[in-house]
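Notes for the one structure printed next.
Read the figures in this text as sums done on the coordinates, not as results from a lab. A quick note: this is a predicted structure, and the numbers were derived from the prediction, not measured. Methodologically, a virtual Cβ is constructed for each residue, glycine included, from the backbone with ideal geometry; neighbour enumeration extends over all protein chains shown.
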Amino acid sequence: MKVDLHCHSYYSDGKHSPAFLISRAIANHLTLLAITDHDCTAAFGNAADSDRRIELICGVEISCSWQGKEIHIVGLCIDPLQPHLVQLLTQQQSSRYARMLQMDEKLQALGITGLAEYCSSLPCQSYTRSHVANFLVEQGISKNHQKAFKKFLGKRGRIYVDNNWCDMAEAIDTIHAAHGLAVLSHPGRYPLGKRQLEVLLDDFTSAQGDALEVSYGNIDPLTKAKLCELASSRQLYYSVGSDFHDDDAHWTDVGKFPPLDAIAEKNAIWEHPGWHS
């Protein structure tokens, strides 16, 4: 079975429509696709008439705060209309919008106008710093995303505004209330030392998290093997996903990440008793 359980549409910080993601997944011979936008499930509602050649999984990626750091929890097989989930995602989207407006105010103080209007012109429902970076690049203010984050959007940047995310346990509880499974996203990408990562996984497990994303775009073999070991030691299922955003980034694609081997697939999240329940 070829799957991708983590990708993004233009309803959050992806470049493309849900229809594009579905057609790309079919072209790449996937059988399962989850669109997991940041704090937003609009893609699923706008892809209900998807091609029967692929099974579409309703998902979301919730931004959380853990020990002062931002981490992401993917929810899979969720009910997008479940009231607790709707309430949390509405709250998160409101926080994102307020953050964008504060960044706009800081840009205006620097003589740079138009961010709020630019964001309002997008199909996006869940604004991220990537949208602000896009604006800065398109306006010729920053040469590229990396420079936009370094000068403006990073923690030492000129327009940085702190986030206001929910905590990890609330995200997991809300995903479970929506009949979904909770996955810790791309754990190797967080700025954590070995011990900190183990503490994060212990806290995730204690909060009844279900799975660890052990393979994703551009992961190296040693990291993948270590994540499988960490998941197994905590009896977590394995999840996988490209974290695809943009087809201009040639190192990634829908469904492009190191696959699980036959032994690991026995512990894959689609083998979880709650899958599709």
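Scanning residues 5 or more positions from V60 or on other chains, those with amide H under 5 Å from its amide H are G75, with H placed 1.01 Å from N in the peptide plane.
Starting from the Cα gyration tensor of segment 118-170, take the square roots of the eigenvalues, sort them a ≥ b ≥ c, and report rounded, prolate or oblate (rounded when a/c is under 1.5, otherwise prolate if a/b is larger than b/c, else oblate). Mind showing how you got there, number by number?
Details: a/c = 2.85, a/b = 1.35, b/c = 2.11.
Here segment 118-170 falls in the oblate category.
By the count of neighbouring beta-carbon atoms within 10 Å, fewest first, R195, R189, R24 end up ordered R195, R189, R24.
Each residue in S65, S9 was given a count of other beta-carbon atoms within 10 angstrom of its own, and listing them fewest first yields S65, S9.
If the segment from L110 to S206 were pulled out straight at 0.36 nm per residue, it would be longer than the present Cα-Cα gap by 30.0 nm.
Just round it to a whole percent: the fraction of Cα-Cα distances in segment 92-153 exceeding 16 Å.
Details: 725 of 1891 pairs.
Within segment 92-153, distances greater than 16 Å cover 38 percent of Cα pairs.
Would you work out if the chain is rounded, prolate or oblate? Take a ≥ b ≥ c from the square roots of the eigenvalues of the alpha-carbon gyration tensor; rounded if a/c is under 1.5, else prolate when a/b is larger than b/c, oblate otherwise. Here the chain falls in the prolate category.
My understanding is that a pair violates if its Cα-Cα distance is over 23 Å; which of K147/K226; K15/K155; K106/K150; K194/K224; K2/K266; K2/K224 do that in this structure? Write out the running numbers ahead of the final one.
Working: K147/K226 32 Å; K15/K155 25 Å; K106/K150 16 Å; K194/K224 14 Å; K2/K266 14 Å; K2/K224 18 Å.
Listed pairs above 23 Å: K147/K226; K15/K155.
Exposure proxy for M100, M1: other Cβ atoms within 10 Å of each Cβ, ordered fewest to most, give M1, M100. Going 7 Å from the Cα of H179 along its beta-carbon direction, which residues of segment 233-277 have the amide nitrogen within less than 18 Å of the resulting point? Of the residues in segment 233-277, 270-277 have backbone N under 18 Å from the label point off H179.
Hey, with R₀ at 35 Å, roughly what FRET efficiency would E198 and E117 work out to, going by the Cβ-Cβ distance, to 0.05? Write out the running numbers ahead of the final one.
Numbers: r = 45 Å, r/R0 = 1.29.
My answer for the efficiency is 0.20.
Return the whole-Å distance between the Cα centroid of segment 215-277 and the Cα centroid of segment 59-107. Their Cα centres are 23 Å away from one another.
Net charge in the neighbourhood of Q102 (other residues with Cβ under 14 Å of its Cβ; Lys, Arg +1, Asp, Glu -1) is +2.
Under the simplified labelling scheme, the V86-E55 pair shows an inter-label distance of 2.7 nm, with each label point 7 Å from Cα along Cα→Cβ.
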